[in-house]
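The values are calculated or read from the model by the stated rules, or taken from the named source; none is laboratory data. Predicted model, so just to flag it, every value in this text is computed and none were measured. Don't worry about glycine lacking a Cβ; one is built from the backbone with ideal geometry, like all the others, and counts go over all protein chains shown. Heavy atoms of the whole protein, side chains included, go into the accessibility calculation; ligands, DNA and RNA do not. Shrake-Rupley method; radii C 1.70, N 1.55, O 1.52, S 1.80 Å.
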Amino acid sequence: VQLQASGGGLVQAGGSLRLSCAASGSTFNNYAVAWFRQVPGNERAFVATIYGGVATTNYADSVKGRFTISRDNAKNTVYLQMNSLKPEDTAVYYCAAGWGNYLRTVRSGYNYWGQGTLVTVSS
């Protein structure tokens, strides 16, 4: 599975962005797909995941109620809609895919990674 993340950019606090993660080489049908983010000097942190036929989702506490992860099976793309952005959301965002439709929130649970897209939220 090859993953291509896009949609990052510069936005003011309170604004919105939508990230996209497009897959090639396979479909997402049998994979959990997640977004992680990383600030220089910090560990890569879980943000959200989506998995299973009914598109079950799970979020980090820090983004609950502000971010929404969704999946378009026809386009083989997963999205992360980010609303009410805060300066502390500034990071490089990575999408990842892991075989199997079950919940995992740790980096080691995912085998395939996109290249990352930078999100900068100004105050």
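Look through segment 79-123, keep the residues that are open to solvent by 30 Å² or more (accessible area, probe 1.4 Å) and of a type in the set (Gly, Ala, Ser), and return whichever of them is nearest to VAL39 (Cα to Cα).
SER122
Mind checking whether some residue in segment 83-99 is under 14 Å from the mean Cα position of the chain (by Cα), of a type in the set (Phe, Trp, Tyr) and over 16 Å from GLU43 (Cα atoms)?
Step one: of segment 83-99, the residues under 14 Å from the mean Cα position of the chain (by Cα) are 83, 89-98.
Checking the rest, the ones that are also of a type in the set (Phe, Trp, Tyr) come to 93-94.
From what is left, the residues that are over 16 Å from GLU43 (Cα atoms) are none.
No, that holds for no residue.
Being outside any strand (DSSP E or B) and touching a residue at least 60 places away in the same chain (Cβ under 8 Å) is the filter here, so list the residues in segment 79-95 that pass it. Let's see the steps before the verdict.
Taking segment 79-95 and keeping what is outside any strand (DSSP E or B), we get 83-90.
If the condition is that a residue be outside any strand (DSSP E or B) and touching a residue at least 60 places away in the same chain (Cβ under 8 Å), then ASN83, SER84, LEU85, LYS86, PRO87 are the ones that fit.
Search segment 1-13 for residues that are within 11 Å of ALA97 (Cα to Cα) and open to solvent by less than 30 Å² (accessible area, probe 1.4 Å) and pair each with any residue that is part of a strand (DSSP E or B) and modelled with pLDDT of 95 or more when their beta-carbon atoms are under 7 Å apart and the residues are at least 6 apart or on different chains.
From residues that are within 11 Å of ALA97 (Cα to Cα) and open to solvent by less than 30 Å² (accessible area, probe 1.4 Å), the pairs are LEU3/CYS21; LEU3/CYS95; LEU3/ALA97; LEU3/TYR112; LEU3/TRP113.
So, in segment 43-57, of the ones that are outside any strand (DSSP E or B) and modelled with pLDDT of 95 or more, which residue ends up nearest to THR105 (Cα to Cα)?
So in segment 43-57, the residues outside any strand (DSSP E or B) come out as 43-44, 52-55.
From what's left, modelled with pLDDT of 95 or more: 43-44.
Numbers: GLU43: 13, ARG44: 11 Å.
Per the criteria, the residue is ARG44.
Among (1) hydrophobic (A, V, I, L, M, F, W, C); (2) open to solvent by 50 Å² or more (accessible area, probe 1.4 Å); (3) touching a strand residue (DSSP E or B) at 6+ places or on another chain (Cβ under 8 Å), where does VAL54 come up short?
Failed condition: (3).
Does segment 34-66 hold any residues that are among the polar types (S, T, N, Q), closer than 15 Å to VAL92 by Cβ and in contact (Cβ under 8 Å) with a residue 40 or more places away in the chain, and which are they? Steps first, please.
Narrowing segment 34-66 to residues among the polar types (S, T, N, Q): 38, 42, 49, 56-58, 62.
Next cut, closer than 15 Å to VAL92 by Cβ only: 38, 42.
Correct list: GLN38 only.
May I ask you to verify whether VAL47 is surrounded by fewer than 15 Cβ atoms within 10 Å (Cβ to Cβ) and touching a strand residue (DSSP E or B) at 6+ places or on another chain (Cβ under 7 Å)? Break it down stepwise before answering.
On the way: surrounded by fewer than 15 Cβ atoms within 10 Å (Cβ to Cβ): no; touching a strand residue (DSSP E or B) at 6+ places or on another chain (Cβ under 7 Å): yes.
No.
Any residue in segment 18-33 that is out of contact with any Leu (no Cβ under 8 Å at 6 or more places or on another chain), surrounded by 14 or more Cβ atoms within 10 Å (Cβ to Cβ) and closer than 15 Å to GLU88 by Cα?
The answer is no, given that none of the residues of segment 18-33 is out of contact with any Leu (no Cβ under 8 Å at 6 or more places or on another chain), surrounded by 14 or more Cβ atoms within 10 Å (Cβ to Cβ) and closer than 15 Å to GLU88 by Cα.
How many of the residues making up segment 58-78 are out of contact with any Lys or Arg (no Cβ under 6 Å at 6 or more places or on another chain), surrounded by 15 or more Cβ atoms within 10 Å (Cβ to Cβ) and not in a loop (DSSP other than H, G, I, E, B)? Before you say what the answer is, go through the steps one by one.
Of the residues in segment 58-78, the ones out of contact with any Lys or Arg (no Cβ under 6 Å at 6 or more places or on another chain) are 58-77.
Add one more test, that the residue is surrounded by 15 or more Cβ atoms within 10 Å (Cβ to Cβ), and what stays is 58-60, 63, 66-69, 71, 76-77.
Going one step further and asking which of them are not in a loop (DSSP other than H, G, I, E, B), we end up with 58-59, 67-69, 71, 77.
Of the residues in that region, 7 qualify.
Looking only at segment 96-120, which residues are assigned to a loop (DSSP other than H, G, I, E, B) and small (Gly, Ala, Ser)?
Kept after step one, since they are assigned to a loop (DSSP other than H, G, I, E, B), are these residues of segment 96-120: 100-106, 110-111, 114-116.
Answer for segment 96-120, where residues must be assigned to a loop (DSSP other than H, G, I, E, B) and small (Gly, Ala, Ser): GLY100, GLY114, GLY116.
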